[in-house]
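Peer 1: Before I ask anything, here is the structure I am working with.
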Amino acid sequence: MMMPIWRHLRSSRRVLGFVFVASVIWLLLDMAVLRMSDGDANSRLMREKVILEQGLARHQDKVTQVGLGEPHVNEEDEKSDRRNSQPVKLSRRRKKEQVQDDASQVKPNAVVQDDASQVKPNAVVQDDASQVKPNAVVQDDASQVKPNAVVKQPVGLSLIAAPKNDSVVLKAEEVLEPVKATPNISLQASNQHQDAKKLPGKKKKQIEELPVQGPRNTSSVKRDKQNGEILDNNIKVVQVRDTHSVKASVHQVLSIDLTAAPRDPKAVGQYGLAGTVPSLMDSVVKKRWNEGQFNVYLSELIPLDRALPDTRPEICTRNMIHDDLPSTSVIFCFVDEVWSTLLRSVHSVLNRSPPHLLKEIILVDDFSKKPYLKDNLDKYMEKFPKVRVIHLKERQGLIRARMAGAAVANGDVLTFLDSHVECNVGWLEPLLERIHTDRTKVPCPVIEVISDQDLSYKLVDNFQRGIFHWPLVFGWNALSDEYVKKNNMTPADPIRCPVMAGGLFSIDKKYFYELGAYDPGLEVWGGENMELSFKVWMCGGQIEIIPCSRVGHIFREQNPYQFPLNRRRTVERNLARVAEVWMDEYKELFYGHGNLHLLEKPLMDIGNLTDQIQQRNKLKCKSFKWYLDNVYPELEAPLVKAAGLVFNRGLRSCLSIQNGVLVFDTCHLSSQSQHFNYTWLKQVRQQDVCLEPSAKQSLLTLQPCGDGSSSNSHKPQRWLHKSSQSKLPEHLMVEMGPKQMCLEAAAKEAVLHLAPCNANNLFQQWQFTNYYSE
Ligand code: UD2
Ligand code: MN
């Protein structure tokens, strides 16, 4: 009996010994694995940090590489070569996002996390040509800034709703050793998986740890029960406090969206979907349309805090943002805005902005006539401590109304918005981040489209920039595929714009005033976007579109409000002021493209420009030629329509000025006395003298050139001339009272005179050596 027990014990001892040895080996292996994973985490973190810093460093000096059709060039020679470059191609296309996983590719707002759980449903866009609206749509006499290419509504809307009770805690972790001359950046785990990881560190630092929701997660945010406003002290950005040095810390962009789990998911227009109105209501829809020039009736049925699809390019959700961003005042100016759209605009800001960055919302009522925009509005807004309403005592127009808002703003940054917009999730931080990086940057969100018909929210093409055509007509233009590829652009990269659309942008408040704000002589509506864009670029700043910031806007066919004077006249006059102050010799192109009538001074009083010109001189702003060469080289802007020798086909010799007298001579390309310009003001000129019919007889004289107006003394200097495509090709035609006369070389005496126009007469045909524009 004892033997089997002993044997049994002996064999168990062996087993125990084996178990012991195995445990030791296991423990050693385990420790090795642990060390390896620590090392992994360490090196991964180091890599992320380097990426981040590279991104931020690049962010600061990559200015010249992003967005514009050509890289920044200063050389005079290259400028003139580009002057006659191809016209802007207004093509449109959809580009699939390509995120490159290479440290050298990291762009501003470096993306450091590559966690699948963070990946959002890509705002899928359908390449259906029938859905795409005309691109180069522009502000002309009749219409306003129209949308750029609109793409179908994004799919995957069901993913918008945030998972409940899924709060995420951002943890500031030990900061790694700083790299010289770059901000010290703390990497912060921003989702559940990562914040559980323990990162290696030497010294514990004082850490402030507060709950902040990750993308699409809003459950850790509290609202004020009474007014629904986000409580300021509820969200704070994680700060790493280091007593030894000032260190910049960053966090993942906050995707605050209090509408993500809407009260009534089935409400009309919820999630940015198209709303419908029963056809029996058609007449009501029609009747109420004029109140806002969009479907006002439908807008009233849609919740004021409706949810929207997150239309940002996917990589935007992982952008890193500095913790110490400037605060902003959001300024809405409006005249007779529709109640529901005004409120939806305000709520979209309250619901989707980090409260610590939103200093206030200023509503500037530009002397509206609608009674609901008075006491009712004041009362409604009393519930929102951050909202202030200012009622202007007389109509100022949007330009001076914006300045009235700016004058009382307390934020570091001014953010101007139209009063019929919906700010999308994550819209604010990327704008402020750009200003934080460089206070002379003027960032604009991507302007998405809220349909005027069904109020659906539609995302627009990537890689669009704001441009203008002559005569200062705003339009959208897509960056070419080649350009995007060449510059390794991701859909999140800022896009530099020659001009902004005008309505939606942020600007450092001090910088705005240093620039001289807007020209207060601009009336009502229009042209101020050109003014600010030229001013910013020419005086050292930059205009950018920030694709990670998206705001929907209702584009209307017509302005729903009255213009105190004629609308067309108002806009033309504003643009003439801008051209006179900012465009130097290129203002002739503005006048020459259909605006010669604006030169009629007594009729067209554009007001005093002394202050504006002084301001430009004081700031030592660059020339308009510099702007064209460096910021918008793709624009065709020849200073004259035609130039060179003026060859008479009948006489087969060239016009010349000798001893102050017009004569004919054998053509010599190098002869300066035979060189003439045909200008945008329709003058045939050599230096300061212009060809002018004499009052008496039908002879020609040389006179000092006028200012291009058709006042009595200058009218005869306007010559119509077309090289082709006209009834009188190559003729130089002038209006003599009611009659039109043509310049003719008298065959025998070789002198010039005016004669009744005759299309086939070769002696009336004049050819310039070079034509730059028809
Ligand atoms: C675009 C801009 C707009 C402005 C305009 C040119 C966008 C999205 N919109 O036209 O902001 O730059 O081009 O000037 O880029 N308003 C007043 N007082 C007035 C007239 C208008 O407060 O006397 C308000 C109006 O209620 C609106 C804002 O100014 O909130 C812009 O007017 P709009 O919406 O008619 O201009 P829009 O979008 O056609
Ligand atoms: Mn608008």
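The values are calculated or read from the model by the stated rules, or taken from the named source; none is laboratory data. This one's a predicted model, so the numbers in the text were calculated from it and none came from an experiment. Note that each Cβ is placed from the backbone with ideal geometry, even for glycine, and that neighbours are counted across all protein chains shown. Areas reflect the complete protein model, heavy atoms only, side chains present, ligands, DNA and RNA absent. Shrake-Rupley method; radii C 1.70, N 1.55, O 1.52, S 1.80 Å.
Peer 1: Treating only the Cβ atoms of Lys and Arg (+1) and Asp and Glu (-1) as charged, compute the dipole magnitude of the stretch 622-700 about its Cα centre; round to the nearest 20 debye. Present the calculation step by step, with values, prior to reporting the outcome.
Peer 2: On the way: 8 positive and 6 negative charges, 42 e Å.
Value, rounded to 20: 200 debye.
Peer 1: What FRET efficiency would be calculated for the residue pair Val277, Arg556, taking the C-beta separation as r and a Förster radius of 22 Å, to the nearest 0.05?
Peer 2: Values: r = 18 Å, r/R0 = 0.82.
It comes out at approximately 0.75.
Peer 1: Another one. Starting from the amide H of Trp680, placed 1.01 Å from N in the peptide plane, find each other amide H under 5 Å away whose residue is 5 or more places distant or on another chain.
Peer 2: Here Lys641 satisfy the definition.
Peer 1: Assign unit charges at the C-beta atoms only (+1 for Lys and Arg, -1 for Asp and Glu), then state the dipole size of the stretch 329-415 relative to its Cα centre in Debye, rounded to the nearest 20.
Peer 2: Working: 14 positive and 10 negative charges, 15 e Å.
Charge dipole of the stretch 329-415: 80 debye, to the nearest 20.
Peer 1: How big is the antiparallel share of DSSP beta bridges in the stretch 343-501, given as a percent to the nearest 5? Working shown, then result.
Peer 2: Details: 8 of 13 bridges.
Approximately 60 percent, going by the DSSP bridge assignments.
Peer 1: Which cross-chain or sequence-distant (5 or more) residues have an amide H under 5 Å from the amide H of His668, H modelled 1.01 Å from N in plane?
Peer 2: Amide H neighbours of His668, under 5 Å, 5+ apart: none.
Peer 1: Considering only protein heavy atoms and a 1.4 Å probe, what is the carbon-and-sulfur percentage of the accessible area of the stretch 478-581?
Peer 2: Working: 1420 of 2890 Å².
Reported share for carbon and sulfur atoms: 49 percent.
Peer 1: Same structure, new question: Which distance in nm do the two modelled labels at Ala759 and Glu482 give, with both placed 7 Å along the Cα-to-Cβ direction?
Peer 2: 4.1 nm
Peer 1: As I understand it, the dipole of the stretch 657-774 uses +1 on the Cβ of Lys and Arg and -1 on the Cβ of Asp and Glu, about the Cα centre. Which of Ala745, Thr769, Val661 lies farthest toward its positive end?
Peer 2: Farthest along the dipole direction, towards plus: Ala745.
Peer 1: Would you be so kind as to identify which of Val499, Gly526, Pro560 lies farthest towards the positive end of the dipole of the stretch 487-577, taking Lys and Arg as +1 and Asp and Glu as -1 on Cβ and the Cα centre as origin?
Peer 2: After comparing all options, I get Pro560.
Peer 1: Let me ask something else about it. If r is the Cβ-Cβ distance from Tyr513 to Val285 and R0 is 56 Å, what FRET efficiency results, to the nearest 0.05? Numbers along the way, then the final one.
Peer 2: Details: r = 44 Å, r/R0 = 0.79.
It comes out at approximately 0.80.
Peer 1: Please give the peptides 413-425, 674-686, 761-773 ranked by average Cβ packing (other Cβ atoms within 10 Å per residue), highest first, as a rough proxy for protection.
Peer 2: Output ranking for 413-425, 674-686, 761-773: 413-425, 674-686, 761-773.
Peer 1: Rolling a 1.4 angstrom probe over the protein heavy atoms, how many square angstrom per residue are accessible across the stretch 616-774?
Peer 2: Values: 7790 Å² over 159 residues.
Averaged over the residues of the stretch 616-774, the accessible area is 49 Å².
Peer 1: Expressed in nm to one decimal, what extension gain is obtained for the pair Asp611 and Thr666 from 0.36 nm per residue of sequence separation less their Cα-Cα distance? Before the final figure, lay out each step's value.
Peer 2: Details: separation 55, 0.36 × 55 = 19.80 nm, distance 5.03 nm.
That pair, Asp611 and Thr666, stretches by 14.8 nm at full extension.
Peer 1: Spin-label point model (7 Å from Cα, Cβ direction): what's the Thr769 to Lys374 distance in nm?
Peer 2: 7.0 nm
Peer 1: Now for a separate question. My understanding is that a pair violates if its Cα-Cα distance is over 23 Å; which of Lys485/Lys622; Lys369/Lys393; Lys510/Lys535; Lys441/Lys535; Lys266/Lys386; Lys383/Lys458 do that in this structure?
Peer 2: Numbers: Lys485/Lys622 31 Å; Lys369/Lys393 11 Å; Lys510/Lys535 15 Å; Lys441/Lys535 12 Å; Lys266/Lys386 30 Å; Lys383/Lys458 31 Å.
Exceeds cut-off: Lys485/Lys622; Lys266/Lys386; Lys383/Lys458.
Peer 1: Which order, highest average first, do 607-618, 351-362 follow once you tally other Cβ atoms within 10 Å for each residue and take the mean per peptide?
Peer 2: Numbers: 607-618: 13.3, 351-362: 22.3.
Packing proxy ranking, top to bottom: 351-362, 607-618.
Peer 1: Which of the peptides 297-305, 525-533, 429-437 is most tightly packed, and how do the rest follow, judged by the mean count of other Cβ atoms within 10 Å per residue?
Peer 2: Details: 297-305: 19.2, 525-533: 25.6, 429-437: 23.8.
The most tightly packed comes first, giving 525-533, 429-437, 297-305.
Peer 1: For Gln697 and Thr440, what does the FRET efficiency come to when R0 = 60 Å and r is the distance between their Cβ atoms, rounded to the nearest 0.05? Before the final figure, lay out each step's value.
Peer 2: Numbers: r = 60 Å, r/R0 = 1.00.
My answer for the efficiency is 0.50.
Peer 1: Give, as a single signed number, the net charge of other residues whose beta carbon lies under 11 Å from the beta carbon of Leu342, with Lys and Arg counted +1 and Asp and Glu -1. Don't skip to the end; give the middle numbers.
Peer 2: On the way: positive: Arg344, Lys370; negative: Asp336, Glu337, Asp365, Asp418.
Spelling it out: positives minus negatives among the neighbours equals -2.
Peer 1: Shifting gears a bit: For the stretch 498-508, just list the computed ³J(HN,Hα) in residue order, Karplus coefficients 6.51, -1.76 and 1.60, θ = phi - 60°, integers in Hz, with x standing in for Gly and Pro.
Peer 2: Taking θ as phi minus 60°, the curve returns x, 9, 9, 5, x, x, 10, 6, 10, 8, 4 Hz for the stretch 498-508.
Peer 1: So, one more: Out of the total accessible area of the stretch 254-298 (probe 1.4 Å, heavy atoms of protein only), what percent is carbon and sulfur? List each step's numbers first, then the result.
Peer 2: Working: 1320 of 2310 Å².
Of all accessible area on the stretch 254-298, carbon and sulfur atoms account for 57 percent.
Peer 1: How big is the dipole moment of the stretch 251-291 about its Cα centre under a simple scheme where the beta carbon of each Lys and Arg is +1, that of each Asp and Glu is -1, and everything else is neutral? Debye, nearest 20, please. Please report the intermediate quantities before stating the final value.
Peer 2: Values: 5 positive and 4 negative charges, 32 e Å.
Around 160 debye, computed over the stretch 251-291.
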